[in-house]
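Remarks on the structure that follows.
Read-outs throughout are calculated quantities, based only on the coordinates presented, and are distinct from any laboratory measurement. Because the structure is predicted, anything quoted here is derived from the model rather than measured. Using ideal geometry, Cβ is built from the backbone for each residue, glycine included, and neighbour counts are taken over all protein chains shown.
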Amino acid sequence: MARCLYCGSDVSENALYCRKCMVPIAPAPRRRRPGTLSLFLGVSLLFGSPCAWVIAGQVRNKIGKAVQARATVHAASLHGVRAVNQAVALIRRCGQPSRDVSTAYNNPRPPIPFRVISYGSQHLEFAFVPGGGAKIGDPPPYVWKLSGILDTTTNQRITPAQAAERMACVAPALEPGSTPGPASVADSEPPAGAPAAGVPNP
């Protein structure tokens, strides 16, 4: 059992969110084995090879340039493009869920607001966090981005592809380039001062 870092409640290790306060639970980090390059550099440094410093500098410069180029391309791709609200897209494609709750209007609002859409007959829960460039502390409404999918029969996280085996409408709704439909991409949230956690979204 793990603990929620926000309220201290016990949570399952596979949980997408805390059932008490609805704060998202990050999956346990995977341990990575050191790569061949790290091993080579370690051995080279151990024996004092001067070429190791040259190689390390070249690798660092190459990685830095790649990261900068990726960030530039990403920023350019976002310029003038509206982010897709995956929660709205899911509901438009798959129909009304059996449950739709969020903490967007809780008082106090948690650091990372959360939204859960459940399809009980399919035993699937879809968890969303604010996307579209939202920062911690930004007020609603949010453009919701998929955080994870839970199979409620096994209480295990599953992939969108696995969820699509049960609900064919899931695949196009959760694709990065999917369009939620003719209406606005921004989520229709309740007005400020709406009731707190566990209250269905409109």
Amide H partners (placed H, <5 Å) of S147, local residues excluded:
A127, F128, V129
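Once the piece of chain linking Q96 and S9 is laid out straight, how much longer is it, given 0.36 nm per residue of separation minus the C-alpha distance between them?
Extending this stretch completely gives an extra 28.3 nm.
Any chance you could list the semi-axes, whole Å, largest first, of the equivalent ellipsoid that the Cα gyration tensor gives for the stretch 86-173, using √(5λ)?
Details: eigenvalues 108, 35, 27 Å².
That gives 23, 13, 12 Å for the three semi-axes.
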Gained length - R166 relative to T152, 0.36 nm times residue gap less alpha-carbon distance:
3.8 nm
For the stretch 156-162, what does the Karplus curve 6.51 cos²θ - 1.76 cosθ + 1.60, with θ = phi - 60°, yield as ³J(HN,Hα) per residue in whole Hz, taken in order and with x for Gly and Pro?
10, 6, 10, 8, x, 5, 5
Can you give the net charge of the other residues whose Cβ lies under 15 Å from the Cβ of P110, counting K and R as +1 and D and E as -1?
+4
